[in-house]
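What follows is a single structure, written as structure tokens, with notes after it.
The values are calculated or read from the model by the stated rules, or taken from the named source; none is laboratory data. Since this is a predicted model, take the numbers as computed values, not measurements. Quick reminder, even Gly has a Cβ in these numbers, built from the backbone with ideal geometry, and neighbours come from all protein chains shown. With ligands, DNA and RNA removed, areas are computed over all heavy atoms of the protein, side chains included. Shrake-Rupley method; radii C 1.70, N 1.55, O 1.52, S 1.80 Å.
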Amino acid sequence: MEQHFEREHILVQPEDKNQHFSTLNLGPTHPATHGIFQNVLKMNGETIIDAEQTIGYIHRAFEKIAERRPFYQITTLTDRLNYCSSPINNIGWHLTVEKLLGIKTSKRIDYMRIIVMELARITDHLICNSVIGVDSGALTGFIYLFQEREKVYEIYEEICGARLTTNLGRIGGFERDFTPNVIRKIKDFIDNLHKTLHEFENLLMRNRIFMDRTINVGGISADRALNYGFTGPNLRAAGVDYDVRVMNPYSSYNDFDFTIPIGTNGDTYDRFCVRQEELWQSIKLVKNALDNLPEGNFHEDVPEFYLPPKEEVYSKMEALIWHFKIVMGEVDVPVGEVYHAVEGGNGELGFYLVSDGGRTPFRLHFRRPGFIYYQAYPEMIRGSVLSDAILTMSSMNVIAGELDA
Amino acid sequence: MPQYTQVAPPEGYSAPGFFATTLDQVVGLARKNSIWPLPFATSCCGIEFMATMGANYDLGRFGSERLSFSPRQADLLMVMGTIAKKMGPILHQIYEQMAEPRWVIAVGACASSGGIFDTYSVLQGIDKVVPVDVYVPGCPPRPEQIIDGFMKIQELVGNEPLRRRYSPEYRSLLEKYGIK
Amino acid sequence: MSANQNIGLLTNRSKVVSVKKMTFMERIYFPAIIKGFGITFSHLFKKKVTIQYPEVKRPIAEIYRGKHVLKRDDEGRERCTACGLCALACPAEAITMVAAERKPDEMHLYREEKYASVYEINNLRCIFCGLCEEACPKEAIFLTNTIVPSNYERSDFIYGKDVLVEPVDHRVDVSKRQTPEVLNFKKDKNQSHNI
Amino acid sequence: MDGNYIIYKFVLASVILLISLVVAMYATLLERKIAGFFQDRLGPNRAGIYGIFQPLADGLKLFFKEEFMPGSADKFLYILGPSLTMMIALLTSAVIPWGDSLIFNGVEYSLQVADINVGVLYVFAILSIGVYGIMIGGWASNNKYALIGAVRAASQMISYELAMSMAIIAIVMMSGTLSLSEIVNQQHGFNWNIWYQPLGFVLFIVCAFAECNRAPFDLPECETELIGGYHTEYSSMKLGFYLFAEYINMFISSAMIATLYFGGYNFPFMDDLGLSHNALTIIGFFVFFLKISFFGFVFMWVRWTLPRFRYDQLMRLGWKNLLPLALVNVIITGFFIMLKHHS
Amino acid sequence: MMFSKYLFFILSFIAIYAALKVLISKSPMHSVLYLTLAFFAIAGHYILLNAQFLAVVHIIVYAGAIMVLFIYTVMLLNLNIQGEFPKTKLVNIASIIAGGLLMLTLIAVFKSYDMEVLTNPNYNQIGLVKTLGKVLFKDYFLPFELSSVLFLAAMVGAVMLGKKDIY
Amino acid sequence: MSDTIQNMQIIPLEYYIFFCSALFAIGVVGVLVKRNALVIFMSIELMLNSANLLLAAFSAYRNDPAGQIFVFFIMVVAAAEVAIGLALLVMIYRSTHTIDINVLNKLKW
Amino acid sequence: MDNNSMIDSLRGKYTTELFSIDESSDILTITVNKSCIKELVRWLKDEIGFGFLTDLCGIHIPGQTLELGVVYHLHNLPENKRIRIKTFTTKDNPKMSSITEIFSSANWMERETFDFYGIKFVGHPNLIRILNVEYLDYFPMRKEYPLEDATRSDKDDRFFGR
């Protein structure tokens, strides 16, 4: 590779050359980085002058794999993007494909998707907020919230048979219908979550130690946040009420009324509070969707992409042929390009899909919110101390799978 | 309260007021009940590891709730999640930094073999970089599977003679991985 | 920058949720701390949720995607016809099979004219996504809700037919994974699939 | 100084040392169990019934772990650090009155190893040098995290020493003595200092947390920031010493709290029971341990409930809040003593 | 009993050895630690003189505060890299001779004084808190208060000096 | 305890004088020999301490508490001096990146 | 501003650089000459209100004369309009002007694009590989390079026609 461009470090050189700074290597296996990325902090005592990030430690070439896999196999990839809320990615991908194919889903599927996605958002925010607790030294709240997460896992397990990387969506709907057991479990979970959430909020939210730790820590202005491409809770914490669910409603989100929590100056406490409020909103959404869940089929009638029912495959030749065609990926896909965004756990999760009519996507680009906003980290922690840097990092909820793709 | 098996006393000579056993067994017993893991959690499996540490599964029952993020203090390196080629040298370094005796457990498909990520950037199994004692399949494995793998490690630890870490076989194994 | 500065609110649904001003009671630390003490203390006497795993097992959902099984039909013949769809559908490329022609004297062993003489699943590669089960047109491969145990060697995880094919006398019940329509269909003994 | 006296002191010292060690050992288990119970889980229960062999297993494991010496470390100091920490942690137990005296054959045997007339100051002296082990260890490891941990430990301990001594000065003003046994004896029955010094008690316990490097002041070793802080580079028994010393410190601090504010071995209605002196002493000894256990529990309770401070907030709390409060406490105490003298 | 005499010699030996080591050590960290050791030996001397209060205060102030401050500075500046700055041999020898001469002079000065007058056999408990406190707060009250002002001034000064003005 | 006090009389005051003079001399040599400002500081502390000890010894032998009171005052001065001195040292280090006193002779002018 | 007036003002401002305008896709898509991209983005941001860079990614279309492309997705938040800008460059000398001055978020996205496709963004402050190892000597997302890792040892390729 020819190297005819200078490698310039983004590190700001200190004005006074005599200034003596030490560097601290935060990561890649530092406990607070959770996922894997490296921050080389330039410190003066405990004050951070600057930081240089290195990422890519779990780069898995998602986009390259996606170019070699038929459409239905990409679900397994999307599950592993933001693994804290994998169903959102999963359904987001299917919505993208449906957009390309022009499939319109029924209300039941939409509502089922909303339930699943909001449950995923709950798990995502639960883990992020409890991890802020852990990084500020309060492990107990984390363990309380994780019990709730386990309940969501149980629900997923009932829906699709896996706990974390669910692979539950299909083009045109779901793999399986919600059984009565699932509905009951979701109801149970939603009805009981508030106790634990209240407990958790009581442990941290108005505790001065925690507030002192988080208020005015790692703040970012709305203007800078937009410039850095923030989306999701982190942007909302900065005071911009941008939410894909409201701005570009997908999957019948416009049927429901929910508020968009926003913060004031984008600091860690804002992010914490916004996520906490989003949990409450998600609970409301799931409840509403579950109450209004219409009857109907759990998948659309798209014989070209949704596998025919098994009993027909076993008995009818035509169904068997379609079955083979779909599994082997020999169905014609329209040529075109679409961009579809969903509100992921961390913000606008976009899929830019270019199709040339082949069995695989010609180009699939994931707009990973974590990847885009994590680059603002040095700016956010400049001038603060090490402890702040760590809380800022955990409150940004950078998921390595999403960061590195 | 459900019944659970306790660790049986080591086999040995026992008489009233007198109990003899080989040092190996006692130390093995102590070691296996006090495995401090170093969670090298990179991706999805790390979340399941959190679940394992959580209240429902509680790895702490085995005396392992003290996570030691410093490799010096850890006994068990739990590699959870994809290890990319960029990460390989770091993993190797972490393993080198650990004090003997040390064990490695590869949790999940990615760490064990690369899983679905058969790509140019992913290490096809961490056993290309460090010696692995136990593999745990699954993507991600259920906490039950992680505990299962952990108990396999316990079994290994409990039966390991003290001399093993000084044996030429072990040295040659390490040399294969380029560890002095 | 100029465009962003006056962005204002985009919707009318927003609500500021973080209250950063502390009341006097919050400023003096103690009320919140004592509240926290109360919460943790109340948990001290709560029933513990821990499942003592190896002895007590947490119920796993019936449709959980765990270890694979290769089904036999009612007469004990292997259902797999080595069409290769499962291997093709596998995103991890974990399934390997070698197809073979059935000999006349093997009629009681294999259902179709072709069968898989070698069928291996690399369980270390497998991500338990269930796509193979979905792809199978012959009701031959299923995932079960038993977990795959961990092991010491990489080679221990390549499950051949000896492990995967269900024993004749110990059939694995997968009916919970199948739709009611399929179960209903299976009752119809006129269909060639069900004989 | 007759031989009997020396033997008695020697035996007493060894017994107390042993008790401290065993208590600290089981405090580690207790901590894990209690943490488990706070978090709806069970905690260690595989090593023996309820995990009673867990500390032994940990100890044995640490003992047989590879001794590790960072290549660039200062060898001597690297070893000195944990040893010093352990030694200093154990030193304080000498002046704490573990119980009243036992009388055998007309000879009085005090349950205090050394009744120094400047006992309170002695405790301070030990406290103030307690930071050496951590500083030396953290510095010798030649690791940035360890260094930051050591620097934090040093500034934290020095800062909180002040408020702590101010809190105790109020006690000393009240009791008019520096001898711990006298302070305890003045709190006979239910006449505990806590009733007179509630503010002082709060200050003292907060400072005790800080001095022990326990949450919410566990900045020198906080796992999520500094990995292990000053003991990041330590393995095997040297690490064991550090971890162990923390629990010994906790034990001693609890004992100090009980001694200074909760009447030590005194308990209510001790005179109404009509028991002999020896029986009272023995009951008192157990009462004292009960109090210590309670405060040990409080230490753990706090750790598993509260988030930790930030470094500068910790300093601000120490210098701007606790120290002025302690001064106010001293002034108020002085005022009341003056009133009492004049009336 | 010769016990205390031996104690005296042991302590003196430790103190002088440690003091010499302060000068000889290459690393400032070692110097600080040796100095701390010397201070402990001096505290032992105080106890020998039955000045227990003084001994404890000495440990608190010197070992607990001043030397910690030194270590803190060493850690803060991370001085170990710097090591030793060599001086010329001549200067070294000259200084050592000067120091030795000074010692001799001092001893000579004291020697010329009649010590017998000073040695008071009626030894009592002047080192105790009560005695010292009374003297301190009666006879030396003003200096005591002034010293606290001095302390305050020093504190303020140190804070002012130590303040960083990077931002 | 009291017998130790009696035994103390075995040690003549001269011993203390020798010992303290030696310590003082070591301190002086340290100031002269060393170039590391920190070590020079420590040497000064050493000198102060030898004076302290001598004062305490005189006070004990003369049965006069005033000597010990002086020790306290010296400690106060020493503590203040160290606080200021180390702050200065840190300042100097920040601006010049050395604490070698020979480099610091810029102050001459 | 609806699509038509948008197109009009675009046509008015750029005559030769504007290659094509496509309204058939989900988002208004324009293809422009790479020479004007920076200016265009700045104009869109400052004048039209596309103040949010949603996405920036590369694309490789073998067989074209200009093989390598960069796709920008911009978002006008107050009006909730999106626009997609495509621009292409040759494979031999893939150069593109960087828009990091306009959008800070473009920094890493451009680095990623460089990492994957080797497109050099002129004016980027720190154009080095971001996700891949630095010693990688090719740009892996270009179509001609294989996906699989050559070192994989446990695969039997007979059944995977990929």
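Tabulated data
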item	result
For segment G:1-78, the Rg and Dmax computed from alpha carbons only, in angstrom	12.7, 39
Average beta-carbon neighbours from other chains, 10 Å sphere, peptide A:257-263	5
Chains A and C together, accessible area buried on both sides, 1.4 angstrom probe, square angstrom	5700
Nitroxide proxy distance, nm - points 7 Å out along Cα→Cβ at G:SER25 and B:ARG171	6.4
Residues of segment C:68-194: accessible area per residue with a 1.4 Å probe, Å²	42
Residues of segment E:128-167: accessible area per residue with a 1.4 Å probe, Å²	75
Most positive-pole-ward Cα, C:THR96, C:GLN191, C:CYS80, against dipole of segment C:51-195 from beta carbon charges	C:GLN191
Cα-based convex hull, the protein assembly as shown, per residue volume (Å³, whole number)	222
Across G:LYS34/G:LYS120; A:LYS310/C:LYS138; C:LYS67/C:LYS161; C:LYS114/C:LYS189, pairs whose alpha-carbon gap is larger than 18 Å	C:LYS114/C:LYS189
Efficiency of FRET from Cβ geometry, D:PHE336 and E:MET155, R₀ 30 Å, rounded to 0.05	0.55
Amide proton proximity set for G:LYS81, modelled H, under 5 Å, gap of 5+	G:ASN76
Peptides ranked, highest mean first, by Cβ atoms within 10 Å: ranges B:40-51, F:81-92, D:317-328	B:40-51, F:81-92, D:317-328
Segment D:65-342 - accessible surface per residue (Å², probe 1.4 Å)	34
Cα principal axis extents for segment A:326-405, largest first, Å	56, 21, 18
All lysines inside 24 Å of D:LYS320 as judged from Cα atoms, apart from same-chain residues fewer than 8 positions distant	C:LYS20, C:LYS21, E:LYS163, E:LYS164
Phi to ³J(HN,Hα) by Karplus 6.51 cos²θ - 1.76 cosθ + 1.60 over segment F:74-82, Hz, x for Gly, Pro	4, 4, 4, 4, 4, 4, 4, 4, 5
Cα radius of gyration and Dmax for segment D:65-342 (Å)	19.9, 67
Viscosity 1.567 mPa s, temperature 4 °C, Stokes-Einstein D of segment A:299-339 from Kirkwood C-alpha radius, µm²/s	117
Positions from segment D:287-316 whose accessible area shrinks by 40 Å² or more when the full protein complex is built, not the chain alone, probe 1.4 Å	D:TRP301, D:TRP304, D:THR305, D:LEU306, D:PRO307, D:ARG308, D:PHE309, D:ARG310, D:GLN313
Separation in nanometres of the label points that stand 7 Å from Cα toward Cβ, at G:ASP92 and G:ARG11	3.5
Model label zone, B:LEU162; criterion: amide N under 19 Å from point 7 Å along Cα-to-beta-carbon; scope segment D:61-88	D:61-68
Highest-fluctuation residue, C:LEU88, C:LEU70, C:LEU44 considered, GNM on chain C with Cα pairs under 10 Å	C:LEU44
Test item: Cα-centred dipole of chain D, Lys/Arg +1 and Asp/Glu -1 on Cβ, debye	700
Proximal aspartates and glutamates to G:LYS13, defined as alpha-carbon separation beneath 15 angstrom and excluding residues fewer than eight positions away on the same chain	G:GLU39, G:ASP46, G:GLU47
Among G:LEU40, G:LEU18, G:LEU147, residue whose mean-square fluctuation peaks in a GNM of chain G (springs only between Cα atoms under 10 Å)	G:LEU147
Of every Cα-Cα pair in segment A:111-158, the percent that sits beyond 12 Å	61
Reach of C:LYS46 by Cα under 30 Å, taken over lysines that are not fewer than 8 positions away in the same chain	A:LYS151, A:LYS185, A:LYS187, A:LYS195, A:LYS284, A:LYS287, B:LYS32, C:LYS35, C:LYS57, D:LYS33, D:LYS291
Scattering curve values for segment C:57-195, log₁₀ I(q)/I(0), Debye with Cα scatterers, q = 0.09, 0.12, 0.18 Å⁻¹	-0.27, -0.48, -1.09
In Å, descending, principal axis extents of the Cα set of segment A:221-356	63, 39, 21
Average other protein chain Cβ within 10 Å of Cβ, residues A:199-209	6
Extension gain (nm, one decimal) between D:ALA13 and D:ASP312, 0.36 nm per residue minus Cα-Cα	103.6 nm
Per-peptide average of other Cβ atoms within 10 Å, ordering B:129-137, G:72-80, B:166-174, E:94-102 highest first	B:129-137, G:72-80, E:94-102, B:166-174
More than 16 Å apart - percent of Cα-Cα pairs taken over segment A:29-138	72
Dipole of the protein assembly as shown, positive direction: furthest Cα of C:THR144, D:TRP319, A:GLY239, with charges on the beta-carbon	D:TRP319
Where C meets B: accessible area buried, both sides, 1.4 Å probe, Å²	3000
Per-peptide average of other Cβ atoms within 10 Å, ordering G:91-99, F:29-37 highest first	F:29-37, G:91-99
Cα Rg, Dmax, segment G:3-147, angstrom units	15.2, 48
Accessible surface of chain D, 1.4 Å probe, proportion on carbon and sulfur as whole %	74
Segment A:62-404 - convex hull of alpha carbons, volume per residue in Å³	119
Most mobile of C:PRO31, C:PRO104, C:PRO167 in a GNM of chain C (Cα contacts under 10 Å)	C:PRO31
Interface area, D with B, accessible, probe 1.4 Å, both sides summed, Å² nearest 100	3000
Accessible carbon and sulfur surface of segment C:119-195 relative to its total accessible area, %, 1.4 Å	54
With every protein chain in place, segment G:3-147: carbon and sulfur % of accessible area (1.4 Å)	46
Computed E for E:PHE137/E:PHE13 - FRET, C-beta separation, R0 45 angstrom, nearest 0.05	0.75
Paramagnetic reach from C:GLU113 (point 7 Å along Cα→Cβ, amide N under 17 Å) across segment C:65-106	C:80-84, C:99-106
Coarse-grained scattering of segment G:99-141 at q = 0.28, 0.32 Å⁻¹, given as base-10 log I(q)/I(0) from a Debye sum over alpha-carbon atoms	-0.95, -1.16
